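For reference, the structure discussed in these notes is given below.
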Amino acid sequence: MNTSPRHGLALLLAAILAARGTAQISSSGDVSPAGLTSPVWNVTDDLLRVGNAAPGGLTVAGGGTLTSNNAMLGGSTTAPGTVAVAGSGSTWTNGNILEVLDGSLLTVQDFADLTTTDLTVAAQGGISRVDILTGGAITTNSLGLANGRVMVSGAGSALTIRTSGVLGGYLGTTELRVDSGGDVNVEGYEIRVGVAGSGLVSITGAGSTLTAPLASLEVVGGDGGDADVHVAQGGYLEAGLTVVGSDTGTGEILVAGAGSYFRTGTTHVGYFAQGSVTVAEGGHMELGGGADGLFIGYGDDVFSSVDSGTVVVTGAGSRLDANVAFVGAASGRGTLVLSEGGTATIYGGFLGLATDSMDGDGQQATLKIGEGGLAGTLEATEVRGAVGASAVIFNHTDTVVFDPRLTSGLTVSKLGSGTTSLVGENTYSGGTTVSAGRLLANNTAGSALGTGPVTVHSGATLGGGDSSAA
């Protein structure tokens, strides 16, 4: 972080001039080319540099107008650039590439506007930063982050990306932070988090939004990095489709807190890699209607050791809604956990466990109702599982009535001290094991316990109207 006196003076000057309504462009330190004019400065033939051989600062305030073709902030880790664009009517229009490098800082605030074709925020050392504050706005065709941070904070503050965003390049950690009512709008078709390193996107607070309705959101964590997306405290995230965990990294999405909402299309969690999604504390994740599906753990037998996906819905009021869902898809390994009052609703009625294998090798799928505490709820009509590759595990301390039919080759296990009541006409063939608590077969037709063997361990109880397999 650049905390030099020059940096503080530049921001203070910007605020004072904006408040007074005085249109002015001013500079300090190493700024080129020479010949600055105020309140309008056109730099169309030369590269605008702020910070090169030495640190430099530039302020556009009170309705000042800056025009450039290409611009660069920072020349080295010892010569960062600081630019503040502040105040209603203050504008900076850059025709091509704007680079914020080597620990430099760009601030757009107080209803000022910046427009550029491409925005790159990167650093070899330290963190380069772009702050969009208190109604400031930046519009760019593309955004690239590598060891950089972009913050969009405050009602009316806005970042518009017209084509694509790459958040996490080849130089370490990156962060896009949206809070306090800030807004990010991606009009193009791709936003990638952690392409060749680690990346974090956080959308926090009521009114804070990131909308990318046409884009694929790829939370990939490339080259062994970690990629994370957090939606919290009433934040809103929207994407056309989502991939969590791809290539060689790890991806994670967290939707937590009442009012926090993630709306997307088809979603792959653990796509030939490790990925996880957690919906907690009253958060809500919704996959759009139609054919949009949730795929948890997607891979093949060659990479099955890393093809793993986990989705957890936990906590009262937490919800996951999808049309269809597949766990352990195409020889991957997947787990769906519903606990502590969390609910998953499958509108199309069907939850598949290892049911669409390409070749059957390495595939494993598990549905967990509870993880040793309170259970969650599955709203579906059928859970179908492949032979030798799928399991439904009840592990809870409360009483659960489980309605969906259990079919095909899956196994059922009862753990935990609670009571599970199976009420469906079940035809699963993998067998039933009661290791703890009570399992009640309370169906009204057919068999609650399917067609496989039934094993009851010491201290556990099997009861109900259908206490033996059909």
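Values in this text are rule-based calculations from the coordinates and carry no lab data. Just so you know, these numbers come straight off a predicted model, no measurement behind them. As a convention, Cβ positions derive from the backbone with ideal geometry for all residues, glycine included, and neighbour counts pool all protein chains shown.
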* Asked: With charges only on Cβ, +1 for K and R and -1 for D and E, what is the dipole size of the chain about its Cα centre, in debye, rounded to 20?
  -> 720 debye
* Counting only DSSP beta bridges with both residues in the chain, tell me the antiparallel percent, nearest 5. => 5 percent
* In debye, nearest 20: dipole of the stretch 158-264 around its Cα centre with unit charges on the Cβ of K, R (+) and D, E (-)? -> 200 debye
* Asked: By the scheme Lys and Arg +1, Asp and Glu -1, what is the net charge of all other residues having a beta-carbon under 11 Å from that of Gln233?
  -> -2
* Asked: Taking K and R as +1 and D and E as -1, what net charge do the other residues with C-beta under 13 Å from the C-beta of Tyr189 add up to?
  -> -1
* Compute the distance in nm between two label points, each set 7 Å from the Cα along the Cα-to-Cβ direction, one at Val40 and one at Val456. => 9.0 nm
* **Distance between modelled label sites at Asn96 and Arg162, nm, 7 Å Cα→Cβ extension** => 1.7 nm
* **Nearest-ten-degree value, helix 5-20 long axis tilted from longest Cα axis of the chain** => 80 degrees
* Asked: Got a sec? Charge dipole of the stretch 158-264, +1 on Cβ for Lys and Arg, -1 for Asp and Glu; which of Thr242, Ala215, Gly181 is way out at the positive end?
  -> Gly181
* Structure fact -> Surrounding charge for Pro404, neighbours by C-beta under 13 angstrom, Lys/Arg +1, Asp/Glu -1, total -2
* What is the fewest-to-most order of Tyr189, Tyr298 by other Cβ atoms lying within 10 Å of their Cβ? -> Tyr189, Tyr298
* **Inter-part distance where the stretch 439-466 and the stretch 236-298 are each reduced to a Cα centre, Å** => 35 Å
* Asked: For the modelled label position 7 Å from the Cα of Tyr347 along Cα-to-Cβ, which residues of the stretch 252-273 have backbone nitrogen atoms closer than 13 Å?
  -> 263-266
